[in-house]
Each structure stands twice: as C-alpha cells, then as structure tokens.
Amino acid sequence: MELEVRHLRAVCAIADTGSLHRAARHLGVSQPSLSAQLRRIEQELGGALFLRERTGCRPTPLGRLVLSRARPLVADLRSLVAEARAAAAGGPHLRIGSTASRALPGWLRRLRQNRQEPSLHMDVSPNALLRMVADGQLDVAFVHEVEGCPLRVPEGLRTRVLVEREPQFVSLPADHPAAVKPVVDLADLAGDRWMVDPTVDGEWDAVHRMLRLAGLSPRVLHGDYHTAASLVATGEVVTVCQPTSLSRPETAVRRLRGDPLGVRLLLAARTETELDGVCPALREAYWEAARQSPAYREWLEGTASTLALSDA
C-alpha cells in the first residue's frame, strides 16, 4: 500500500479526537472501516501508531513521530486547495469553522454581502475547531464553551465573547404534560429518558451534573443532534437544546426553571484584525436568530437588564 494524504488525515483525526469512534464520525466513515485502514497504515509504516486503551487511543512514540510530520503536510494541502479555489473564484476566501448554530445562515449571508466568500467546516468539537484555527486550517471558528468545562484554547489564538452566558433550554414532545407550561422544572422530567451527545466537548459532564444537582438519575441515551430531534418528536426522549431552537408540531422548546445549564459563545482567530472582519456580521445574525425564537425572545425580554441587548 502506498501512503496517501487521506491516510495522514485519518491518523491526525484519531490523534485529535482521541478515539476511533469520534475520528470515524469526524471523517464520515464507519468505525470498522477506519480501524481496517489504520491497520493497513501501521503495516505500511512498520509499527503501531496508537495504543488502544479503554479511555481511547494514545499515540505511541512512532505515532508521535508520524504526527509531527503529517500535521504540517495535511495543513499545507488544505491551505493550497483553499487558496487555489479562492484564486479561481477571483475573490478572498474565508475559512470558517463552527459548531451547530441557527445564526450560521444569517452570518454567511452577511459575509457574502460584504464581498467575503466563506467556506464552512462543521464539527461537534469546539476544541477540534480551535486546533484547526491554530494550525492554519481555518481562519476563524465560532464555538461554544459548556459551563464548567473550559475549552483548551491554543496559545496565540485571539478570542472574542459573543454571549457571556446563553441559557440552554429543553426540547420535549409537544404532548408532554410539562409542555403546557412556558417554564419547565427539571422535576417535571424525572420520569423521562434523556439523550446526550457524548462527542460534544463537555456536554455529557454538564448535563450529568445538572441532573445530579436536581436529585435526578434518569436513564440517559447517547445520540447525535439529528437522532435526538427524531426521538423527541416520537416521544422517546427529552434533550437539552439551544434557546434559538424552534418548536415544531411534534416538539416543544421550553425554558428550564432557574437556567441550570449555560454556555459561553466565542469567536476565535489568530489575529484581532480577523475577528474585527467577521464579528459584527455574526453578532447581527445571532440576535436575528434569537428574536425569531419565541421562547428565547421572551427570556431575553425578561432579563434585558443583564444582557447587552444594545448589540442586538
């Protein structure tokens, strides 16, 4: 087997995420397929690149050597492709990374109106996106920091706070007894199954802590955002959600009493100039999305004295 860039990209993904499962999800392949590919890579290089442990994958000395050479090569190739595409399009190219947010459509639209042509890289891991900015693979990243679970911001990055504390709401079936109330007590959900995405940095720890402090120990299922939305709609689970989320015929988005769970929204780049170039458009887009959510708009109107609504 001849080593290719895709093989180096796979090795970097395993090291960055710390597990084959998360790396496979990041790369959009199955875990068995990635495991087989890793075995072929290790056979080609003559030794194991990772130690497989219960807690994940840890690079061996050979793995660290390969990673030290692979990361610059992968980053250079990405930069080459981005610069070539920008040159072909005849305009500046802005590489954006983001975790999920309803502010994204409005942000991208505003950037294009300002003659900035953005590309978008989505990832559930804020820490992975921050590393990509630090490595030069992305220009800016819009990420969230779960309360009580600080992000690992690489040295040299500049950050700007968009929202100091965004409360997290709950999404529950529309016919749930608690859905008739605008504000839901955690005790109202004591008998429900919860769904959490364990691959989102800090989410499982924060939700577990929130439930434990409320004296609850419900059954918790693991699944991604799309699976959770489907299961909420069919009455199988409840899940935390962003306050900008919209209720649907099958689901209801409600505030949790006391706002027990929050996140901080951050924009990161390598320079203040890069932040200045994109932050105003993101700020406008975020508050636009916030106003479109009835539950969040009501919360904002009730707590206007504690938020910088002049930025809206």
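The values are calculated or read from the model by the stated rules, or taken from the named source; none is laboratory data. Worth saying up front: this structure is predicted, and the values here are computed from it rather than measured. Positions of Cβ are generated from backbone atoms using ideal geometry, with glycine treated the same way; all protein chains shown enter the neighbour counts. What goes into the accessible areas is simple: the full protein's heavy atoms, side chains included, and nothing from ligands, DNA or RNA. Shrake-Rupley method; radii C 1.70, N 1.55, O 1.52, S 1.80 Å.
Modelled label positions at Ala187 and Leu120, each set 7 Å beyond Cα in the direction of Cβ, lie 4.2 nm from each other.
Other residues whose C-beta falls under 12 angstrom from the C-beta of Gln116 contribute a net charge of +2, scoring Lys and Arg +1 and Asp and Glu -1.
Show me, bin by bin at 10 Å from 0, the whole-percent P(r) of the chain based on Cα pairs. With a bin width of 10 Å, the distribution comes to 5, 24, 30, 24, 13, 3, 0.
Solvent-accessible area of the range 202-247 (1.4 angstrom probe, protein heavy atoms only): carbon and sulfur portion equals 51 percent. Other residues whose C-beta falls under 10 angstrom from the C-beta of Asp139 contribute a net charge of +1, scoring Lys and Arg +1 and Asp and Glu -1. On a per residue basis, the range 1-52 carries 52 Å² of accessible surface, using protein heavy atoms and a 1.4 Å probe. The mean sequence distance of close C-alpha pairs (under 8 Å, at least 6 residues apart), as a share of the length of the chain, puts its relative contact order at 19 percent. Temperature 4 °C, viscosity 1.567 mPa s: under these conditions the Stokes-Einstein estimate for the range 1-147, based on its Kirkwood radius over C-alpha pairs, is 78 µm² per second.
In terms of its C-alpha gyration tensor, the range 179-241 comes out oblate, because a/c is 1.5 or above while a/b does not outweigh b/c.
Tally Lys and Arg at +1 and Asp and Glu at -1 over the other residues with C-beta under 14 Å from the C-beta of Pro61: what net charge comes out? Local charge sum for Pro61: +2.
Only DSSP H runs of four or more residues enter the estimate; each adds -39500 (n - 2.57), and after division by the residues of the chain the mean residue ellipticity at 222 nm equals -13500 deg cm²/dmol. Restricting the GluC sites (Glu not before Pro) of the range 134-180 to loop positions (DSSP other than H, G, I, E, B) with no more than 10 neighbouring Cβ atoms within 10 Å leaves Glu155.
Taking trypsin sites (Lys or Arg not before Pro) as exposed when DSSP calls them loop and at most 11 other C-beta atoms lie within 10 angstrom, the chain has its longest site-free stretch at 220-312.
Could you give the dipole magnitude of the range 92-189 about its Cα centre, charging the beta-carbon of Lys and Arg +1 and that of Asp and Glu -1, in debye to the nearest 20?
Numbers: 12 positive and 12 negative charges, 117 e Å.
My answer is approximately 560 debye.
Quick check: from the Cα gyration tensor, does the range 11-65 come out rounded (a/c under 1.5), prolate or oblate?
Values: a/c = 1.82, a/b = 1.27, b/c = 1.43.
Note, shape of the range 11-65 comes out oblate.
Which shape class applies to the range 209-312: rounded if a/c is under 1.5, otherwise prolate when a/b exceeds b/c and oblate if not, where a ≥ b ≥ c are the square roots of the Cα gyration tensor eigenvalues? Taking the square roots of the gyration eigenvalues as a ≥ b ≥ c, the range 209-312 is prolate.
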